[in-house]
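Student: Here it is, the structure in full.
None of the figures in this text is laboratory data; all of them are computed from the coordinates on show. Just so it is clear, the model here is predicted, and its values are computed rather than measured. Because the Cβ atoms are built from the backbone with ideal geometry, glycine has one as well, and the counts that use them run over all protein chains shown.
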Amino acid sequence: MKKVLVLEDEENIRSFVVINLKRAGYEAVEASTGEEALEKLKQNPDVKVALLDIMLPDIDGFEVCRRIRATDNTIGIIMLTARTQEMDKVTGLMTGADDYMTKPFSTAELTARIDALFRRVGGAEAKDNSEVSQPPFLLNTRNRTLEKNGVRIKLTQVEYSIIKLFMDNPSKALSREEILDAVWGKEYLGELKIVDVNIRRLRIKIEDDAQNPTYITTVWGYGYKWGL
Ligand code: CA
């Protein structure tokens with residue numbers, strides 16, 4: 001059974017989401033506070049995707065996201081934001097979320113996003129046990145890990161997918177739309193900005209100087225390129 005954690009303190013919204021997830025074939029683990037969500041995740045290590053509301057009675061959703069990411073880079077995380085929290089989107093993604101949805105959202109869109117995230121975190125792609133070496137980087141496609149100068153760099157699944165796309169296409173300018181389609185899936189309904197936010201986060205992790213990137217370079221008015 002594909003398990004999803006639903007952290008939402010408003011009971012009517014939570015039940016609505018849970019009912020729809022069950023209809024779509026998911027098993028839902030419910031939590032109404034941040035602490036409860038962290039506890040439930042410990043009890044259910046097989047949860048693959050977490051939906052995190054931001055405004056909660058105890059710790060906020062960003063803090064929950066940060067604490068999950070401190071020990072788990074593989075779980076998929078979708079933040080649930082209110083319409084007035086525009087800035088929160090960027091903050092949420094910088095703390096390690098993979099995606100966000102603005103309330104109110106349609107359940108069809110929510111399950112589409114969860115399905116897409118499951119395909120990414122579930123390792124739907126063939127595990128071909130190959131290593132891609134592009135010094136100083138070494139990408140291991142079986143373990144989905146990246147090393148720089150022999151040191152492991154912790155990546156989320158989305159960040160890994162972006163790096164793999166770049167390393168598969170060295171020196172080729174990739175448009176933001178291409179990156180979005182390849183990493184988030186063609187059925188993804190979100191905004192292009194999510195590409196920029198993830199790239200910014202990746203640069204902080206892999207560049208010698210994130211302000212003057214030499215690995216993920218910007219192709220102005222178009223997208224990004226792996227290399228100078
Ligand atoms: Ca709330």
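Student: For every other residue with a beta carbon closer than 12 angstrom to the beta carbon of LYS154, add +1 if it is Lys or Arg and -1 if Asp or Glu, then tell me the sum.
Tutor: Details: positive: ARG69, ARG144, LYS148, ARG152, ARG201, LYS205; negative: ASP72, GLU147, GLU159.
Residues close to LYS154 contribute a combined charge of +3.
Student: Report the label-to-label distance for LYS22 and ASN73 in nanometres (one decimal), using points 7 Å from each Cα along the Cα→Cβ vector.
Tutor: Distance between the two pseudo-spin positions: 3.7 nm.
Student: Given points 7 Å out from each Cα along the Cα-Cβ axis, report the LYS172 to GLU147 separation in nanometres with one decimal.
Tutor: 2.7
Student: Going highest first, how would you order 168-179, 54-65 by mean Cβ packing within 10 Å?
Tutor: 54-65, 168-179
Student: Oh, and also: Ordered by packing density, taken as the mean number of other Cβ atoms within 10 Å over each peptide's residues, highest first, how do 139-147, 214-222 rank? If you can, show how the numbers build up before the last one.
Tutor: Details: 139-147: 16.8, 214-222: 13.2.
Descending mean neighbour count gives 139-147, 214-222.
Student: Between ILE204 and THR107, how many nm apart are label points set 7 Å from Cα along the C-beta direction?
Tutor: The modelled label-to-label distance comes out at 3.6 nm.
Student: Taking springs between alpha-carbon atoms closer than 10 angstrom, which of GLY185, GLY34, GLY76 fluctuates most in the Gaussian network model of the chain?
Tutor: GLY185
Student: For ARG14, ARG113, ARG66, what ranking results if the residue with the fewest other Cβ atoms within 10 Å of its Cβ goes first? Walk me through the numbers before you get to the answer.
Tutor: Numbers: ARG14 19, ARG113 25, ARG66 16.
Final ranking by Cβ density, sparse to dense: ARG66, ARG14, ARG113.
Student: Going down the table (LYS40/LYS103; LYS154/LYS193; LYS48/LYS148; LYS172/LYS193; LYS40/LYS225; LYS154/LYS186), which pairs top 30 Å between alpha carbons?
Tutor: Details: LYS40/LYS103 24 Å; LYS154/LYS193 22 Å; LYS48/LYS148 27 Å; LYS172/LYS193 21 Å; LYS40/LYS225 40 Å; LYS154/LYS186 26 Å.
Result: LYS40/LYS225 exceed 30 Å.
Student: Oh, and also: Within the range 139-168, list the residues whose amide N lies under 15 Å from a label point set 7 Å along Cα→Cβ of THR214.
Tutor: Counting only backbone N, you get 149.
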